[in-house]
Amino acid sequence: MNGKLIIIVGPSGSGKSSVMHGLMRAHPEYIYPLSATTRAMREGEKDGDIYHFYTKEKFEEGIENGEFLEYAIVHQDNYYGLLKGPLMDSLENGETVVREVDIQGFDSIREAIPKENLVTIFITVPNKGELIDRIVSRAAISADELEKRKESMHREFNRAKDCDYMVENIHGELEKTIQKVADIIKSESE
Ligand code: 5GP
């Protein structure tokens, strides 16, 4: 296996999914593997873009059948899991594969993928206050969901030291952040 799996992690509100979207637009040459989730589809999302939307029963069947490289219950309520088959095929073929997961996924992937095939990038912001502002300012999130995201954020904020790289996503400088992440991926996949 000589491909590279690039895992993007970071606390809720750090902007890691915006970074992922930017990478997907600017670098179609990389592989962006799908995950499955039991959360509801949001406006503007399509099955098969980033997620397959599963029922709880289908997800649990997938666990039984070994469909996932890792899976976790995220924000205390929904299953998320990275689909194993196509991802492992891409790594076998020597490709560069990029995916964001939560910190539980990160811990499982570190156990499952050999060190030489894995690169981890932690996206963060200069301080926790900024994260709380960003989580609160998000549209379409219920009060309950907001509380759960804040709890995840506190748990995840201090995990940068466990990653290979850390990139600060400064407010208003998303494009620079995307470029920094892209530079890391390029240097790691050469
Ligand atoms: P969202 O529902 O906002 O798309 O994602 C919520 C959280 O789930 C984010 O922290 C995201 O990184 C995480 N996530 C997305 N896909 C996966 C996955 O396949 N596995 C794990 N463990 N977490 C995931």
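The values are calculated or read from the model by the stated rules, or taken from the named source; none is laboratory data. Owing to the predicted nature of the structure, the values given are computational and were not obtained by experimental measurement. Cβ sites come from the backbone with ideal geometry, for glycine too, and all protein chains shown count toward neighbours.
Here the strands (runs of 3 or more DSSP E) wholly within the stretch 1-78 that include at least 1 residues being within 21 Å of residue 164 (Cβ to Cβ) are 4-9, 68-74.
Is it true that residue 125 is touching a Ser or Thr at 6+ places or on another chain (Cβ under 8 Å), touching a residue at least 60 places away in the same chain (Cβ under 8 Å) and under 24 Å from residue 63 (Cα atoms)? No. Filtering the stretch 121-140 to residues that are polar (S, T, N, Q) and in contact with a strand residue (DSSP E or B) (Cβ under 8 Å, 6 or more places away or on another chain) leaves only 124. What about residue 160, is it within 25 Å of residue 24 (Cα to Cα), outside any helix (DSSP H, G or I) and out of contact with any helix residue (DSSP H, G or I) (no Cβ under 8 Å at 6 or more places or on another chain)? When the stated conditions are applied, residue 160 does not pass them.
Select, from 122, 157, the only residue that is within 12 Å of residue 7 (Cβ to Cβ) and either touching a Pro at 6+ places or on another chain (Cβ under 8 Å) or modelled with pLDDT of 95 or more (or both). Of the residues listed, the single one that is within 12 Å of residue 7 (Cβ to Cβ) and either touching a Pro at 6+ places or on another chain (Cβ under 8 Å) or modelled with pLDDT of 95 or more (or both) is 122.
For the stretch 139-164, taking the residues that are in contact (Cβ under 8 Å) with a residue 12 or more places away in the chain and basic (Lys, Arg), the one that is farthest from residue 181 (Cα to Cα) is identified as 148. Within the stretch 41-90, the set of residues being touching a strand residue (DSSP E or B) at 6+ places or on another chain (Cβ under 7 Å) and acidic (Asp, Glu) comprises 47, 67, 70. Of all residues in the stretch 118-175, those satisfying the criterion of being among the polar types (S, T, N, Q), surrounded by fewer than 17 Cβ atoms within 10 Å (Cβ to Cβ) and within 29 Å of residue 44 (Cα to Cα) are 137, 142. For residue 106, the requirement of being farther than 22 Å from residue 123 by Cβ, near the ligand (Cβ under 10 Å from one of its atoms) and crowded, with 20+ Cβ neighbours inside 10 Å is not met. Just one of the numbered conditions (1) surrounded by fewer than 17 Cβ atoms within 10 Å (Cβ to Cβ); (2) touching a helix residue (DSSP H, G or I) at 6+ places or on another chain (Cβ under 9 Å) is not true of residue 85: (2).
Within the set 26, 36, the sole residue that is touching a residue at least 12 places away in the same chain (Cβ under 8 Å), closer than 28 Å to residue 189 by Cβ, away from the ligand (no atom under 12 Å from the Cβ) and not aromatic (Phe, Trp, Tyr) turns out to be 26.
Contact map, the stretch 68-83: residues that are more than 18 Å from residue 110 (Cβ to Cβ) and near the ligand (Cβ under 8 Å from one of its atoms) paired with residues that are assigned to a strand (DSSP E or B) and among the charged types (D, E, K, R), Cβ distance under 7 Å, separation 6+ or inter-chain. No pairs are found.
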